[in-house]
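S.K.: Below is a structure I'd like to ask you about.
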Amino acid sequence: MISIGNDIVALSAINRQRTNDIRFHSKFVTPTELALYQEPAIAALPFESFVWLLWSVKESAYKYQKRLDSDLIFSPAKIIVQIIDIPQTLSSTIVNDIWETENLAGGFIGGNVYINQTKLCFKSIINDDLIATVVDQNPLFQNIHWGIQRIIHQDTENQSDLVRMFLLNNLYSIYPNSNFSLQKSSVGYPILFDNDIETEMLISLAHHHQYISYTFKLNGEY
Amino acid sequence: MSRAEILEELKKVLTPYTENKEMLAGITEETDLIKDLKINSANLVDIIIDAESQYNIEIDFDSAEKMFSVGNCIDVIADKVNHSA
């Protein structure tokens, strides 16, 4: 079974002081994950970025697995990040107002995460403003498209509308003759329709304060 | 503490994390924190920490994962409050 999951964290919206409090981060960061911060390349990250990277990976992994197991409960302390690999040369990913890619081959922070004995791979972006993650089972991240957009901070309903519009704009650039619409499944993941016919395209959407993000996996003619 | 009293206190805990103040005022035990109150999942840990402070309790991993609806939150808080009394 295949799926997809993503997440985005706007760093302006997190409480840095609280993040550094063990009472806070111990609610979802396990001792083995905390030990990863002893590795020099990882310890070069600000601690709060490390903590929210873990959160972002866990949330993405949960969204991946929730599509396959509708009864799954989000339990971040039981989703375990095992490896974080920070490449020597990080992709110079500077997310301006809009950033989109279909090449997740190299230059991103990567690693492995386990959820219910399932091993997944992740790719993440960290900069001064945000942490964004995509999770897939295949370490090559083939045929995956990923976009991030900065918006003027809107309320949650508007963020939700804007991320759907952002996704559809990209899809129309690939399939200009389609007539797409989106609906939400009973467990919350987006389902793409073309001319009111359900497609099999795997899509995940995320929003947090002034950032929205989509990811989708192309599978032939969707 | 009765469930009604916990519910009233819980509204104060949830207030900073939802834009939907009208729905918050009328929450029931069936209200879902994410689907109905549109609380961002990134704030779920904040809510647990704030609830710990509000009720002077400690909420462990296993209990925290049950706190996705108002009723579940009240179950967990009532259990912890009663055990610490």
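S.K.: How big is the shadow of the Cα convex hull of region A:2-161, averaged over all directions, in nm²?
M.R.: Projected area, direction-averaged: 9.7 nm².
S.K.: Using a Förster radius of 45 Å, what is the FRET efficiency between A:Q117 and B:E8 based on their Cβ-Cβ separation? Nearest 0.05, please.
M.R.: The value I calculate is 0.60.
S.K.: To the nearest Å, what is the center-to-center distance of region A:163-198 and region A:55-77, using C-alpha atoms only?
M.R.: Their Cα centres are 22 Å away from one another.
S.K.: Probe radius 1.4 Å, ligands and nucleic acids left out: can you give me the accessible area buried at the A-B interface, summed over both chains, in Å² to the nearest hundred?
M.R.: That pair of chains buries around 1900 Å² in total.
S.K.: With N set to the residue count of region A:49-110, report its C-alpha Rg divided by 2.2 N^0.38 Å to two decimal places.
M.R.: 1.34
S.K.: What accessible area per residue, rounded to a whole number of Å², is obtained for region B:3-84 using a probe radius of 1.4 Å?
M.R.: 48
S.K.: Find the Rg to Rh ratio for region B:3-84, where Rh is the Kirkwood radius over alpha-carbon pairs and Rg uses the same atoms.
M.R.: That ratio equals 0.92.
S.K.: Counting only C-alpha contacts under 8 Å and six or more residues apart, can you give the relative contact order of region A:150-208 as a whole percent?
M.R.: Once normalised by length, the contact order is 26 percent.
S.K.: Treat each spin label as a single point 7 Å out from the Cα along the C-beta direction, and report the B:A25 to A:A13 distance in nm.
M.R.: Modelled inter-label distance: 2.5 nm.
S.K.: Quick check of the Kirkwood formula: for region A:80-222, what is the inverse mean of 1/r over all pairs of different Cα atoms, in Å?
M.R.: 16.1
S.K.: If we restrict to alpha carbons, what Rg and Dmax does the protein assembly as shown come to, in Å?
M.R.: Cα-based Rg and Dmax for the protein assembly as shown come out at 19.5, 65 Å.
S.K.: Normalising by the residue count of chain A, find the relative contact order in percent from Cα pairs under 8 Å and 6+ residues apart.
M.R.: Rounded, it is 25 percent for chain A.
S.K.: Oh, and also: What percent of all Cα-Cα pairs in region A:1-90 falls into each 5 Å bin, going from 0 up to the bin containing the maximum distance?
M.R.: Using 5 Å bins, I get a P(r) of 2, 13, 22, 24, 20, 12, 6, 1, 0 for region A:1-90.
S.K.: Next up: Taking GluC sites (Glu not before Pro) as candidate sites, keep only those in a DSSP loop with at most 13 other Cβ atoms within 10 Å, then name the longest stretch of chain A containing none of them.
M.R.: A:1-199
S.K.: Between A:L130 and residues 5 or more places away or on another chain, which pairs have amide H atoms under 5 Å apart, with H built 1.01 Å from N, and which residues are they?
M.R.: Under 5 Å from the amide H of A:L130: A:L11.
S.K.: Quick one: what are the phi-derived ³J(HN,Hα) couplings along region B:17-26, Karplus 6.51/-1.76/1.60 with θ = phi - 60°, whole Hz, x for glycine and proline?
M.R.: 10, 10, 7, 8, 5, 5, 5, 4, 4, x
S.K.: If you don't mind, another one. Please give the length that would be gained between A:N103 and A:T32 if that part of the chain were fully extended, namely 0.36 nm times their separation in residues minus their C-alpha to C-alpha distance (nm, one decimal).
M.R.: Answer, rounded to one decimal: 22.5 nm.
S.K.: May I pose another question? Leaving out ligands, DNA and RNA, what percent of the accessible area of region B:3-84 is carbon and sulfur, probe 1.4 Å?
M.R.: Roughly 50 percent of what the probe reaches on region B:3-84 is carbon or sulfur.
S.K.: Next question. Within the set A:K66/B:K11; A:K66/A:K217; A:K63/A:K123; A:K184/B:K11; A:K66/B:K21; A:K217/B:K66, which residue pairs have Cα atoms separated by over 26 Å?
M.R.: In this structure, A:K66/B:K11; A:K184/B:K11; A:K66/B:K21; A:K217/B:K66 lie more than 26 Å apart at Cα.
S.K.: If you stretched the chain out fully between A:L68 and A:N143, how much longer would it get, using 0.36 nm times the residue separation minus the C-alpha to C-alpha distance?
M.R.: Difference between extended and current length: 25.0 nm.
The values are calculated or read from the model by the stated rules, or taken from the named source; none is laboratory data. Owing to the predicted nature of the structure, the values given are computational and were not obtained by experimental measurement. Note that each Cβ is placed from the backbone with ideal geometry, even for glycine, and that neighbours are counted across all protein chains shown. Ligands, DNA and RNA are stripped out before the accessible areas are found, and what is left, the full protein with its side chains, is counted by its heavy atoms. Shrake-Rupley method; radii C 1.70, N 1.55, O 1.52, S 1.80 Å.
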